[in-house]
Amino acid sequence: MKRLFFSLVIPCHNSADTVGRLLTSIAASKDSPALEVILVDDASRIPLRLQSIEGYKRTAGRQPFPLRILRLEKNVGPAVARNKGVALSRGTFIVFLDGDVELFPDALSNLATIYRDDPDIVAVTGVWVKQQRSKAFFPNFKALRDWSYWIHERDKGGYYYLFSTRIASIKKTVFLRLGGFDESYAAPLVEDIELTYRIARRYAIIFAPNVRVRHEFENFWPIAKKYFLRAYYWTRLYKRRKKFDPVATTITEAITAVSGVAVIGFGLIAIATLPSLPLIIFVRNQAASVWYQLALVNYELFLLSVIGHFVLVRRFIELAYKEKGFVFAVKSFFVGLVLYCFISAGAMWGRLRS
């Protein structure tokens, strides 16, 4: 039997349509090494079968890899699903992919080259590109925001090493030695961050911008909820580690989140006090004078917080303006403020609960 280089482990839950596009992209890979694909059906409402996967018929005739489906009868979450997929794998290296991404044709080839050129490398994380099929604002905002953080705003000498399961790879023996994903995380929240920390204690995780996938993002509310929960659980991880990092959030990102909350808070107070200012100006008593002075201080704090926050996010706003235009950049600034409120609320809740 030909020795397999890669085992692609893909957890799926009610995602037959997107998995079909992913399989098509895997089949279209150029110069990829010997590989297998393991789909772990995490108790989808309709059991995942090859014949039901949209696009499978297009790949079946030219499929250069064995494909297996492991059906789980109970929905246990991606951490457990990935671990069970690895248990069935036969490849030297595991490649984790989310079920809703699509590989670039050279992704697997570039990944294999990294391992072959340096046998000491045991873990690699790829990147998702900024382009979206959707014309809606928020998916494009989210894609551009992520890309800006990982590529555009990145300190070229910095160490960026999130083991992001949209596309990430690790030597199987190392994965097993570390105990795999923490199965106490039932939802796709911080199980990748927690594993990242365990890998990074012993090994370098290589960030590879040429190992690319396309990922179509959701709309506002699902992402906002994930931000809240991710911040909540990461804060609990932070309690053990006591440090910021590029994996989840840098100290600069933490300050940016606080400044975003300040803009929203001072702004709401400014709006609430605005109707009373004319009355305060004409009423000559001490209470009115004190109220007026407090209102002026709030306006000054609001202005300072806006300026400070803009300075912190200016590189992303400049990119948004360059890529999508003025209106998109303005909307991005305000939507970013709201998302920072969700992140800060999740972090505060995590601190209170822990």
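The values are calculated or read from the model by the stated rules, or taken from the named source; none is laboratory data. Bear in mind that the values here come from a model prediction, so they are computed numbers and not experimental data. Note: ideal-geometry Cβ built from the backbone for every residue, glycine included; neighbour counts use all protein chains shown.
Numbers at a glance
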| quantity | calculated |
| --- | --- |
| Within the range 258-354, helices (runs of 4 or more DSSP H) holding 1 or more residues that are over 20 Å from Phe220 (Cβ atoms) and at pLDDT 95 or above | 286-324, 326-353 |
| Members of the range 188-201 that are assigned to a loop (DSSP other than H, G, I, E, B) and either out of contact with any Lys or Arg (no Cβ under 9 Å at 6 or more places or on another chain) or β-branched (Val, Ile, Thr) (or both) | Val190, Arg201 |
| Scope the range 91-134; condition basic (Lys, Arg), within 22 Å of the chain's Cα centre (by Cα) and surrounded by fewer than 18 Cβ atoms within 10 Å (Cβ to Cβ); matching residues | Arg133 |
| Residue list for the range 66-78, restricted to those being surrounded by 17 or more Cβ atoms within 10 Å (Cβ to Cβ) and more than 17 Å from Ile46 (Cα to Cα) | Leu67, Pro78 |
| Residue match in the range 168-180 (condition: within 19 Å of the chain's Cα centre (by Cα) and more than 20 Å from Asp245 (Cα to Cα)) | yes |
| Given (1) over 25 Å from Asp41 (Cβ atoms); (2) touching a Pro at 6+ places or on another chain (Cβ under 6 Å), index of the condition Ala81 fails | (1) |
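Quick grid of which residues meet (1) outside the structural domain of Ile121 (by TED's automatic domain parsing); (2) in contact (Cβ under 8 Å) with a residue 12 or more places away in the chain:
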| residue | (1), (2) |
| --- | --- |
| Ala200 | no, yes |
| Val213 | no, yes |
| Leu229 | yes, yes |
| Lys243 | yes, no |
| Gly260 | yes, yes |
| Val263 | yes, yes |
| Gly267 | yes, yes |
| Pro275 | yes, no |
